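To keep things clear, I will list the structure first and then write my remarks on it.
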């Protein structure tokens, strides 16, 4: 009796897994055949493995894996994860590549790690800079809790649907019309006061983003996504530094994936994309949450240029 019951459970799990794979493959086929491509971005403060936070990381880590598998984001900007936390998620979520380092460099302290799906993107370039007057000096800034930004330039991997014609000519040397790249930045702003540091951090990030602007009309405009826990509210100085006051036409500003903003965890963006869907996840286990933050997700569609 127990054996039959166990086999029934295993069969149901197999069906669920197959259904998820079919749905993901069908979505990819639709993207390719319709000429449109979408990307689902998540920002998530994991809550560092504090010995006083309940439930303990040993309990909530499996919940976070389950949460991420449920939503299947293409990109995840994470905050606060210690190396052991990031490594655990990396080992469990084998569909993802992980980049990032501790906020003083190396493996120690909190990471602003970025996860991205290995079957969808190819890493072109990556880097880290400090939120301080000396951005290239890791660990600079306040003695306690310095802050960093992890960023990457990613390219979408184009796999034509079976039987569909490739967009590339047989000999595509000298052709780059079909290249589709974008930038992802991920950060965690200062807590408590530090109002001046937060505003200057926003200005620094915008300057870094704008340094990647296209040089001339012959270059395509690459989308930019900025994820993070900004420890600031919509409508305040930090928010206005990023997105303006609603009347500015400055092309160097960003947009919020939820117009008007919400909370302190944001997904900002710029470039030839449009928002298809926005969601703040309420994932919990019997009313208990795997972090003190709820992950935020936004789905975007890349627009033809």
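Values as computed for the structure displayed
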read-out: Burial ordering of 115, 242, fewest other beta-carbon atoms within 10 Å first; value: 242, 115
read-out: Separation between Cα centres of the stretch 258-291 and the stretch 44-91, rounded to whole Å; value: 17
read-out: Relative exposure of 201, 140, judged by other C-beta atoms within 10 Å (fewest first); value: 140, 201
read-out: Cα gyration tensor category, rounded, prolate or oblate, for the stretch 101-219 with a/c compared to 1.5; value: prolate
read-out: Average Cα contact separation per residue, the stretch 75-125, under 8 Å, 6 or more apart, as relative contact order %; value: 45
read-out: Taking 283, 168 and counting other C-beta atoms within 10 Å, the order from fewest to most; value: 168, 283
read-out: Prolate/oblate/rounded call for the stretch 39-155, Cα gyration tensor, a/c under 1.5 rounded; value: oblate
read-out: The chain: relative contact order as a whole-number percent, Cα under 8 Å and 6+ apart; value: 19
read-out: Three principal axis lengths of the chain [C-alpha, angstrom, descending]; value: 66, 58, 36
read-out: Helical contribution to [θ] at 222 nm, DSSP H n ≥ 4, -39,500 (n - 2.57), averaged over the chain, rounded to 500; value: -9000 deg cm²/dmol
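Every number here is computed from the coordinates shown, using simple stated rules; none is lab data. Owing to the predicted nature of the structure, the values given are computational and were not obtained by experimental measurement. Every residue, glycine as well, gets a Cβ built from its backbone with ideal geometry; the counts of neighbours run over all protein chains shown.
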